[in-house]
1. So which residues in region 154-187 are among the hydrophobic types (A, V, I, L, M, F, W, C) and buried (at least 18 other Cβ atoms within 10 Å of the Cβ), if there are any at all?
2. Could you please tell me which pairs satisfy a Cβ distance under 8 Å, a separation of 6+ or placement on different chains, a first residue in region 413-431 that is closer than 17 Å to VAL88 by Cα, and a second residue that is assigned to a loop (DSSP other than H, G, I, E, B) and away from ligand 1 (no atom under 11 Å from the Cβ)?
3. Here are some residues: LEU403, LEU408, LEU417, LEU396. Which one is within 12 Å of ligand 1 (Cβ to nearest atom), at pLDDT 95 or above and not β-branched (Val, Ile, Thr)?
4. Go through (1) within 17 Å of the chain's Cα centre (by Cα); (2) among the hydrophobic types (A, V, I, L, M, F, W, C); (3) within 22 Å of PHE195 (Cβ to Cβ) and name the single condition LEU90 misses.
5. Could you tell me whether ILE433 is in contact with a Pro (Cβ under 6 Å, 6 or more places away or on another chain) and buried (at least 23 other Cβ atoms within 10 Å of the Cβ)?
6. Being surrounded by fewer than 17 Cβ atoms within 10 Å (Cβ to Cβ) and away from ligand 2 (no atom under 16 Å from the Cβ) is the filter here, so list the residues in region 361-388 that pass it.
7. Has region 379-389 got at least one residue that is within 16 Å of ligand 1 (Cβ to nearest atom) and within 20 Å of the chain's Cα centre (by Cα)?
8. Report, by residue number, each residue of region 93-121 that is charged (D, E, K, R) and within 18 Å of the chain's Cα centre (by Cα).
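The values are calculated or read from the model by the stated rules, or taken from the named source; none is laboratory data. Owing to the predicted nature of the structure, the values given are computational and were not obtained by experimental measurement. Don't worry about glycine lacking a Cβ; one is built from the backbone with ideal geometry, like all the others, and counts go over all protein chains shown.
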Amino acid sequence: MDRRAFITASTAALLVRPALAAPSPIVLRPATVSQRILPLQYQTGPTQLLGFNGSVPGPTIRAVQNETLTVGLDNALDAGAAVHWHGVRLDNAMDGVPGMTQPLVAPGARFTYRFTPPDAGTYWYHSHYLSYEQVARGLMGPLIVEDSSPLDVDHDITAVLSDWRLTPEGELTEDFGNRHDIAHAGRMGNFAKAFLPEDVTLRRGERVRLRLINAATDRIFPLAITGLDAHIVALDGMPLPTPRPFDGPMLAPAQRMDLIADVTGPDKVALVMRHQQGAYPLGEISIVGDVTPRPPASITALPPNRADVPDMQAPVLPLVMQGGAMSGGHGGGDIWAFNGLSGMKDAPFARVTRGESRLIRLVNDTRFAHAIHLHGHHFFEMREDGSFGDYRDTSLVMAGQTLQIACLFDNPGKWMLHCHMLTHQNGGMTSWIDVV
Ligand code: C2O
Ligand code: CU
């Protein structure tokens, strides 16, 4: 290579690598954390939590699409640990499900995760051991996979939505296995918040990418935003072919939503949860000053990730959600069931040959909403007219609703399929698919 070509090549490499690319290897160290959750006006002390590297949420891990990421898990808990990389189409051995894809990491022990994320976008990581309790205590954080072309935005902001059940003193209530919660909508908090960066201020006219991650164990957030003119550009990490106006969507547990938005002001951007009594504030960012806005029409689709297009002639498998309060019985031994079976069984829900597709009819025969998550794959939500809808890893299915999803199973291994209302998962709403 002559000198000129060398300079060009290395400059290009510098330009395409995001400034915040994580130095490998990263170490995640789960341990107890004392951190203020409630705002100061509550006059409580900090809350005793579990966090990665001393904070809740854990550090934002920034990976680069198609580059290998190495993360050591250094377990400083007095309990077992395992980390799941939610939404990443990775090797099964790195999926973080103790007892299925890896041994549980004992207190004081270490496990090294190494994988190459094929998809750019917004993902997250969380405990997958007693996750209804460990995630509720704070063991979660953002995983951002950068693509190689930087986006024309002024800020890239991640908001981690969370929901806490606290005592008047500001401590977590210790009722993680509460049977009433399991049988209803899950362990809902009495205080919700979005963790936002504290060192950011916006100017009117700026354009932001806002990455919303619902890390709550059970709460569905009906969202609204003031001070921004926003479009949805990705769901569960996957770019939408056409950006969609942000019109007060729901974000179910584990789902993500990327927005590109223009700051319209006047004085702050506020993220709120809509509910009958009005708007519940989740978090805000102040606006100071102005810049010349970009033309609104220039919000375009993000570069697509690889879509595995399923075969629509594939067999249809019903997955009937059963159980919970105010509903008929089922054959499973716990509060919730899929097709009459509660909890993890030796036999999978389905065994699929690699490269084959399945249509799964998600039938919610219960009085509660469920957020159904499949590990290791994305799938299409099918529209009523049979066309492909959104490409996701977690689907919200409301009480009484049926939703058909279509998946090309191209990733071999044992993959969990469960309700991501983690309290429901704990109450039996869980199974797995074997891709052989
Ligand atoms: Cu984020 Cu098995 O889940
Ligand atoms: Cu559920």
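1. Start the filter on region 154-187 by keeping residues that are among the hydrophobic types (A, V, I, L, M, F, W, C), which leaves 157, 159-161, 164, 166, 172, 176, 182-183, 185.
Listed by number, the residues that qualify are ILE157, ALA159, VAL160, LEU161, TRP164, LEU172, PHE176, ILE182, ALA183, ALA185.
2. Filtered contacts from region 413-431: GLY413/ASP91; LYS414/PRO348; TRP415/HIS377; LEU417/PHE349; HIS418/MET429; HIS420/ALA252.
3. Unique residue meeting the criteria: LEU417.
4. Condition not satisfied by LEU90: (3).
5. Details: in contact with a Pro (Cβ under 6 Å, 6 or more places away or on another chain): yes; buried (at least 23 other Cβ atoms within 10 Å of the Cβ): yes.
Yes, satisfied.
6. Hits for region 361-388 are ARG361, ARG383, GLU384, ASP385, GLY386, SER387, PHE388.
7. yes
8. Residues of region 93-121 charged (D, E, K, R): 95, 110, 114, 119.
Result: ASP95, ASP119.
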